[in-house]
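Report on the following structure.
The values are calculated or read from the model by the stated rules, or taken from the named source; none is laboratory data. Everything numeric here is computed off the predicted structure, so don't read it as measured data. So basically every Cβ, Gly included, is an ideal-geometry build from the backbone, and we count neighbours across all protein chains shown.
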Amino acid sequence: MGRCAPFMSVVLAALSAAIPVSGPAIAAEGGASNGPYFRVFGGYSLIDDPSIQGDNITNGSTGNGTGRGTLHQTNGPWGGAAGGYRWGVLRLEGMGSYESHSLKSFDSPQFSYVDTGGTRRTDLNAHPTLDGNLRIFTGFLNAVLDVKFGSPFEPFVGGGIGFANVRMNDVTGVSNGNSFNLTDGSDTVLAFQALVGFAYRFTPTFAAEAGYRFLSLNDPSFSDNLGGSFDLGIEAHQAWIGLRVDF
C-alpha cells in the first residue's frame, strides 16, 4: 500500500489542476448536459516486469527484504467496459477490465522448491523457465474530468480506486533441468489507476476515445509448493481506444 502513495498524490494533483481549466469551459458553453453513459474499450497492456519474492524465492544469505527477483511475461491485449453518470464535466463511473499474459521465466538470487520427483532443491542465481498464465481482472470506481473547449475534441483526466483479482493459472517450470509446480491460485488486492486521454465527439450521443492508463496493484500473494508464499509487485502501462455512448 505504501508503494502506491506517491502515485495517488499524482492522481489527486492532476484532478485538482483540471478543475480551474474545466470551470470556464462550462460557462462558455452555457452548461453541459447531465445523464448516464456507457463505454467499451480495448488496447495493449505493457506490464513492467513484476518483482517476485517470498519465503523460498529470496536473495539468499542477505534475507528476503531486498534484492527482489524479476518475473518475465508476455505483453498483449486488454479491454473492458464502464458505465456511469455525468454532471457537466464531472463523470463518476464503475469500470471493469480483463487481461491475460503468458509467463516466460523469472530470475532470483536463490530459489528453493520441490521438483516433480519429490526432491527438495535450492538453486542459486536461478533462472527457471515457466509455463502458465497471469490473469488480471479489475473493478474500479473512477472520477473523470472532461475539459471542454467548444470543439469536438474533449481531453479528460481521471483516477480510480478499486480491486484486482490476480490469478496465476497452473504455473509450472523447469530450473537447471528439474521440473516443478510453482503455484495455482489467485489473490484479490487493492488497486489504483490514473487515466488520461481525449474523446472526439461525432454527435451529441456518440464519441470515440483514446487514452492511457497507469495501473498499480498492492502486491498479490500466492502459495508455493513448499508451503510458503511469494508476492508480485505489478504495475502496467496501458493504451486504449473505445466508443462512448451518452444517453
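Output the number of residues of the stretch 88-110 satisfying the condition of being modelled with pLDDT under 95, out of contact with any Lys or Arg (no Cβ under 7 Å at 6 or more places or on another chain) and either hydroxyl-bearing (Ser, Thr, Tyr) or under 23 Å from ASP246 (Cα atoms) (or both). Going through the stretch 88-110 one residue at a time, the tally reaches 2.
Can you tell me which of SER151, SER175 is surrounded by 21 or more Cβ atoms within 10 Å (Cβ to Cβ), farther than 20 Å from GLY233 by Cβ and either touching a residue at least 24 places away in the same chain (Cβ under 8 Å) or not β-branched (Val, Ile, Thr) (or both)? Of the residues listed, the single one that is surrounded by 21 or more Cβ atoms within 10 Å (Cβ to Cβ), farther than 20 Å from GLY233 by Cβ and either touching a residue at least 24 places away in the same chain (Cβ under 8 Å) or not β-branched (Val, Ile, Thr) (or both) is SER175.
For the stretch 207-220, the candidate set comprises residues that are touching a residue at least 40 places away in the same chain (Cβ under 8 Å) and out of contact with any helix residue (DSSP H, G or I) (no Cβ under 9 Å at 6 or more places or on another chain); within that set, the residue that is surrounded by the fewest Cβ atoms within 10 Å (Cβ to Cβ) is GLU209. Looking across the stretch 52-72 at every residue that is at pLDDT 90 or above and surrounded by fewer than 20 Cβ atoms within 10 Å (Cβ to Cβ), the one that is farthest from PHE137 (Cα to Cα) is identified as ASP55. Screening ALA143, ALA164, ALA82, ALA126 for residues that are surrounded by 17 or more Cβ atoms within 10 Å (Cβ to Cβ), modelled with pLDDT under 95 and of a type in the set (Gly, Ala, Ser) leaves exactly one candidate, ALA126. The residue list GLY84, GLY159 contains one member that is touching a helix residue (DSSP H, G or I) at 6+ places or on another chain (Cβ under 9 Å), part of a strand (DSSP E or B) and either in contact (Cβ under 8 Å) with a residue 24 or more places away in the chain or farther than 28 Å from THR183 by Cβ (or both), which is GLY159.
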